[in-house]
Amino acid sequence: TPETMKNILILPGDYIGPEVMAEAVKVLEVFKAEGEPIAWSFGHLGGAAYEAEGHPYPPSTQQAARAADAILMGAVGGPKYDGLPRAVRPEQGILGIRKDLGLFANLRPALAYEALAAASPLKPELIAGLDVLIVRELTGDIYFGQPRGRRKTADGHDEGYDTMHYSVPEIERIAHVAFQAARKRRRRLCSVDKENVLETSRLWREVMIRVGRDYPDVELTHLYVDNAAMQLIKNPRQFDVIVTGNLFGDILSDEASQLAGSIGMLPSASLDANNKGLYEPIHGSAPDIAGQNKANPLAMILSVGMMFKYSFGRTDLADRIDAAVRKVLQDGKRTGDIAQPGEPVIGTQEMGAAVVDALRTSK
Ligand code: NAI
Ligand code: MG
């Protein structure tokens, strides 16, 4: 294999995972046919991995994931696996691969498609043109801080406690990811913290300002997290890139995802220090619609776009995928999750085929 060949590991996952992944593979096939140096192979993760190899993140997947240049993942989990012991449950597969590959930066765009304006809970005029990217630190903060546990207070009550902490290197590396992402976009970065109350946040802000000196072309601003939550609803278009810690990012990214409408539309990336990444839709395995050709494959297809942009530096291919998705929406193609009452509905495969058609004609 030549040095430039990009190797992609595909982990279809469970329930609708393989269905939406099949459509993403069709997109890869279009680019491969155009001569792009990409190759891919398949592996198991989650429930499918437990069934095939007895573990949700088996050694075969581990080896392939470490060797790959990027990973595409469908969702994992579902009722079939709910009775399994915790250690082999599908979610352990996701946590395992994130930890193993050091995927500390979670990127989640929230984008309002004009054709879907009616699907947003906000007024169309508030979200028209909305294009926000949330960069969430994924491996630190209060979720992993020690000590944590239960103890007795002096006056004999039970209490629970957790510890929030961030080290300078942890803040620096997420800062660089966020500034670089802003550079590929509209060059504005808003760092979200709770600096008025938390020592962790004071350090966070100091480091953001310091790292910002390396990116004089990016405008850095700061918001307290409570205000940021409010601003996302009040005037979401003021944002380009938002960077924040694990806890605040968990909440703000879910909030932002709803602005744009359907869960079936939103991709995500989880990156390591070298822009190796794992790309997946933000939705789950949707057992309620699995096996019926009903799932919206666009979040998975847009995840392929993010892979080209962030792992392979191919913004041109990412833009073509974005444009193809816009075109099929403009043409009125709708899976059930994004259809308004009375609109005709197409299936997973038909939506994938429509994107492929739009891509072929966009070369
Ligand atoms: P979900 O995201 O799978 O489904 C929520 C609702 O959205 C359902 O009504 C579903 O039909 C719909 N939906 C989701 N994706 C869709 C798509 N592409 N097209 C059309 N409709 C779509 O969340 P839920 O039901 O809470 O979880 C189901 C399973 O997925 C659980 O086992 C959960 O643990 C797992 N899950 C896995 C994730 C991952 O692998 N990253 C993330 C979230 C949940
Ligand atoms: Mg969450």
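Each value in this text was obtained by applying a stated rule to the coordinates, not by laboratory testing. All figures in this text were calculated on a predicted structure; none of them were measured in a lab. Reconstructed Cβ throughout: ideal geometry from the backbone, glycine too, with neighbour counts over all protein chains shown.
Worth pointing out:
- Entries of K309/K333; K6/K26; K184/K309; K6/K309; K152/K194 with Cα pairs more than 21 Å apart: K309/K333; K152/K194
- Here the residues L45, L111, ranked from fewest to most Cβ neighbours within 10 Å of their Cβ, fall in the order L111, L45.
- For the pair D214 and A353, label points projected 7 Å from Cα toward Cβ lie 4.9 nm apart.
- Rounded, prolate or oblate (a/c below 1.5 giving rounded, otherwise prolate when a/b exceeds b/c) for segment 1-148 by Cα gyration tensor: oblate
- Amide N proximity, segment 285-318 versus K184 label position 7 Å along Cα-to-Cβ, cut-off under 15 Å: 302-318
- Added length on full extension, which subtracts the Cα-Cα distance from 0.36 nm per residue, V345 to K123: 77.5 nm
- A full extension of the chain between Q258 and S167 corresponds to an added length of 29.6 nm, given 0.36 nm per residue minus the alpha carbon distance.
- Inter-probe distance in nm under a simple model that places probes 7 Å from Cα toward Cβ, at T315 and D288: 3.9 nm
- In sequence order, calculated HN-Hα J values of segment 254-262 (Karplus, 6.51, -1.76, 1.60; Hz; x Gly/Pro): 5, 4, 5, 5, 6, 4, 7, x, 6
- Here the Gaussian network model covers the chain, with springs between Cα atoms less than 10 Å apart; of A318, A49, A290, A290 fluctuates the most.
- Label zone at I142 (point 7 Å along Cα-to-Cβ), backbone N below 12 Å, segment 183-206: 194, 198-201
- Of the residues I209, I71, the one with the fewest other Cβ atoms within 10 Å heads the list, and the complete ranking is I209, I71.
- Shown here for segment 1-66: chymotrypsin sites (Phe, Trp or Tyr not before Pro) in loop regions (DSSP other than H, G, I, E, B) with at most 11 other Cβ atoms within 10 Å, of which there are none.
- Close amide H pairs (under 5 Å, H built 1.01 Å from N) link A110 with V132, L133, I134, residues at least 5 positions away or on another chain.
- Most mobile of P124, P56, P297 in a GNM of the chain (Cα contacts under 10 Å): P124
- Footprinting exposure proxy for I142, I94 (fewest neighbouring C-beta atoms within 10 Å first): I142, I94
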